[in-house]
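For reference, the structure discussed in these notes is given below.
Taken together, the values in this text are just the output of simple stated rules run on the coordinates, not laboratory data. Only a predicted model underlies this, so the values are computations on that prediction, with no experimental measurement involved. Counting neighbours? That spans all protein chains shown, and the Cβs are built from the backbone with ideal geometry, glycine included.
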Amino acid sequence: MPAHRSWTPSGPYDLARSLSVLRRGPGDPAFQVSADGAIWRASRTPEGAGTLRVVPRGEAVEAQAWGPGADWLLERLPALLGADDDPSAFTPRHRLVHEAHRRHPGLRLIRTGLVLESLIPSILEQKVTSDEAYRGWRLLLQRHGEPAPGPAERLRIMPDPRTWALIPSWEWHRAGVDAKRSSTILRAVRVARRLEEAAAMDLAAASARLQAIPGIGPWTAAETLQRSNGTPDAITVGDLHLPKIIGYALTGERGTDDAAMLELLAPYAGQRHRAARLIVLAGRVPPRRAPRFSVRDFRAI
């Protein structure tokens, strides 16, 4: 029988939009959305594998959990859903940001408390298209993960650090993951316990802890800590698209780089990640002038 818990947010709340950052593509084996609007997550917690199902019920969110990690997941349910987030600390400084903030009052920055489960897919997303990264994540979990506890048949639990370390080179190749990214993952899982400690650190210390691993830079650290720590100022730098989107949305100009993006976001110091999410939600993106990058298949190399 599953364990149960409910949580009632203190104000407007958008469950789907808040948790959507945890989904790694439409075929993510660790994240599913059912027809009734319930969100299913499969996680490897410090207590073991666990499956969490959350669904909105009136003003509350109802949760069920299965597996050895069920109690851990339910104990941290409010933090996962954004209870530790304080949207009132945010003050819009641009008309577009103000409108996005008004239209999305239920957005919360979530906090999983689990570093590795966000770090590994973020490493897979380094320097490749989203489709390539999502395919690698999907194939690796399907082949090397384990069935999630509970009734969701297609959910898979991410491999534990030892299993990641034992994946042979040809399996990484079969999943379309090049040696640079697979080597970074292998270095990370060897110090998994030290990396998980970053979930309790402030942004500067947590980012430094992650970037001590060769192959993990500011982009990967920010993408991880946005999810594991719910850090409102963990702005992503080194991204191909984000500076251009933010620059065009706020100024109408093309070609914004990281330095110019950070200058534009300076009025949101302490809340730059939240500001960036709202700007992206506003949907004002530069018109495309070039074709999309083609998906490379490393398996053919």
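Per-residue Karplus couplings for segment 46-57, computed as 6.51 cos²θ - 1.76 cosθ + 1.60 with θ equal to phi - 60°, are listed in order as x, 9, x, 5, x, 10, 10, 10, 10, 8, x, 9 Hz, Gly and Pro entered as x. Computed about the Cα centre, the dipole magnitude for segment 30-139 is approximately 360 debye when only Lys and Arg (+1) and Asp and Glu (-1) carry charge, each at its Cβ.
Taking the charge dipole of the chain about its Cα centre, with +1 at Lys and Arg Cβ atoms and -1 at Asp and Glu Cβ atoms, the residue from V128, P214, I110 reaching farthest to the positive side is V128. Of the residues G11, V191, G238, the one whose Cα sits farthest toward the positive end of the charge dipole of the chain, with +1 on the Cβ of Lys and Arg and -1 on the Cβ of Asp and Glu, is G238. What FRET efficiency do you get for S88 and W170 if R0 is 35 Å and r is their Cβ-Cβ distance, rounded to the nearest 0.05? That gives a FRET efficiency of 0.10.
Applying a DSSP loop filter and a limit of 13 other Cβ atoms within 10 Å to the GluC sites (Glu not before Pro) in segment 127-202 leaves E153. Over the chain, Cα pairs under 8 Å with separation of 6+ residues give a relative contact order of 19 percent. Within the shell defined by Cβ-Cβ distances under 15 Å, the residues around M201 carry a net charge of 0, with Lys and Arg each +1 and Asp and Glu each -1.
Counting charges near L114 (Lys, Arg +1; Asp, Glu -1) among other residues having Cβ under 11 Å from its Cβ returns a value of +3. Highest GNM mean-square fluctuation among G252, G106, G67, for the chain modelled with Cα contacts below 10 Å: G252. Electrostatic tally near R156: other residues with Cβ closer than 15 Å to its Cβ, Lys and Arg +1, Asp and Glu -1, net +3. In this rough spin-label picture, where each label sits 7 Å from Cα along the Cβ direction, the L186-R162 distance is 1.9 nm.
Using only side-chain charges placed at the Cβ, +1 for Lys and Arg and -1 for Asp and Glu, the dipole size of segment 244-286 relative to its Cα centre rounds to 220 debye.
Across segment 92-223, Cα pairs under 8 Å and at least six residues apart give a relative contact order of 25 percent. Rounded to the nearest 20, the Cβ-based charge dipole of the chain about its Cα centre (Lys and Arg +1, Asp and Glu -1) stands at 760 debye.
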